[in-house]
Amino acid sequence: MKKLTTLIMVGSLLFSGCAGKQEPIVPQIQLVVKHASLTIDNLGYTAIALYKAEQYLVITEGRQTGKSVDDIKSEIAKVREKWEPVWSLIEDAKILEGSIQMILNTDPNNVAELIRLSDSLLKSHQAILKQIDMVKK
Amino acid sequence: MNPEIIRKVVEYARLAAAINPSAIDSLTDALKRWAINNGHPPDKIPSIREAVAKVDLEVDQELDAPL
């Protein structure tokens, strides 16, 4: 969460401080993308840990209450389905991150597109956090 | 080189890059060169889908294991 806040702060600084200046924006966008990469990875690790713990909880509780293996498998399938949107959002964020990196490498003066994509990237982080919060047990 | 160590070094390189954006390329390039020169290409950091598949496999094995 702290990393996301930092990311948003860096992003806000980027968007508010660079209007009309094209040169300084590229290293700042690079910084945002690198922060974003770390944040996406960290969100992914957290989500995976929660996802794993939730499935183990289903197994443990199922065994303790004498449920059949088929019933436990059915509950685990529901857990997996519930988490699916989180993985899709993380993948989308990684694609966005890759797109920004590609523009930085090939067309770094396309500032409008870089800002648009960076803004989308920040929003995608918020969406991932929201989705994790919704699905976690 | 132990893939876990490579992952850690890449992680530190990224943290360093957060402070100095130009650091990440030189650090990761140096790491890759070192690993390749020593016959150990850096292990790919798994994508989220690979990580999910790994967890699912582990859980399936746990569920199918005899009590």
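Is it fair to say A:I115 is modelled with pLDDT under 95 and either among the β-branched types (V, I, T) or closer than 23 Å to A:D133 by Cα (or both)? If you could, list the steps in order and put the result at the bottom.
Values: modelled with pLDDT under 95: yes; either among the β-branched types (V, I, T) or closer than 23 Å to A:D133 by Cα (or both): yes.
Yes, satisfied.
For A:S12, only one of the following conditions fails: (1) farther than 13 Å from A:I128 by Cβ; (2) modelled with pLDDT of 50 or more; (3) more than 11 Å from chain B (Cβ to nearest Cβ). What is its number?
With (1) farther than 13 Å from A:I128 by Cβ; (2) modelled with pLDDT of 50 or more; (3) more than 11 Å from chain B (Cβ to nearest Cβ) applied to A:S12, the lone miss is (2).
What pairs come up if the first residue lies in region A:25-42 and is within 10 Å of A:E97 (Cα to Cα) and within 7 Å of chain B (Cβ to nearest Cβ), the second is in a helix (DSSP H, G or I) and not hydrophobic (A, V, I, L, M, F, W, C), and their beta carbons are under 7 Å apart, counting only those six or more places apart or on different chains?
Listed pairs, sorted by first residue: A:K34/B:R14; A:S37/A:E97; A:S37/B:R14.
Quick check on region A:79-102: of everything there that is away from chain B (no Cβ under 12 Å) and crowded, with 17+ Cβ neighbours inside 10 Å, which residue is farthest from A:G44 (Cα to Cα)?
Ranking the qualifying residues of region A:79-102, first place goes to A:I100.
Condition first: within 19 Å of B:K54 (Cα to Cα) and in contact with a helix residue (DSSP H, G or I) (Cβ under 8 Å, 6 or more places away or on another chain). Can you find one or more residues in region A:98-114 that meet it?
Looking through region A:98-114, none of the residues is within 19 Å of B:K54 (Cα to Cα) and in contact with a helix residue (DSSP H, G or I) (Cβ under 8 Å, 6 or more places away or on another chain).
Would a scan of region A:68-84 turn up a residue that is within 16 Å of the chain's Cα centre (by Cα) and over 20 Å from A:V26 (Cα atoms)? It would help to see each step written out before you state the result.
Here is the first cut: in region A:68-84, the residues within 16 Å of the chain's Cα centre (by Cα) are A:83-84.
Next cut, over 20 Å from A:V26 (Cα atoms) only: A:83-84.
Yes: one or more hits.
Between residues in region A:58-79 that are under 12 Å from B:D60 (Cβ atoms) and residues that are polar (S, T, N, Q), which pairs lie under 7 Å by C-beta distance while being six or more apart or on different chains?
A:I76/A:Q55
Is it the case, given these coordinates, that A:K67 is assigned to a loop (DSSP other than H, G, I, E, B) and closer than 23 Å to B:V55 by Cα?
Yes.
The values are calculated or read from the model by the stated rules, or taken from the named source; none is laboratory data. Everything numeric here is computed off the predicted structure, so don't read it as measured data. All Cβ positions, glycine included, derive from the backbone under ideal geometry; neighbour counts span all protein chains shown.
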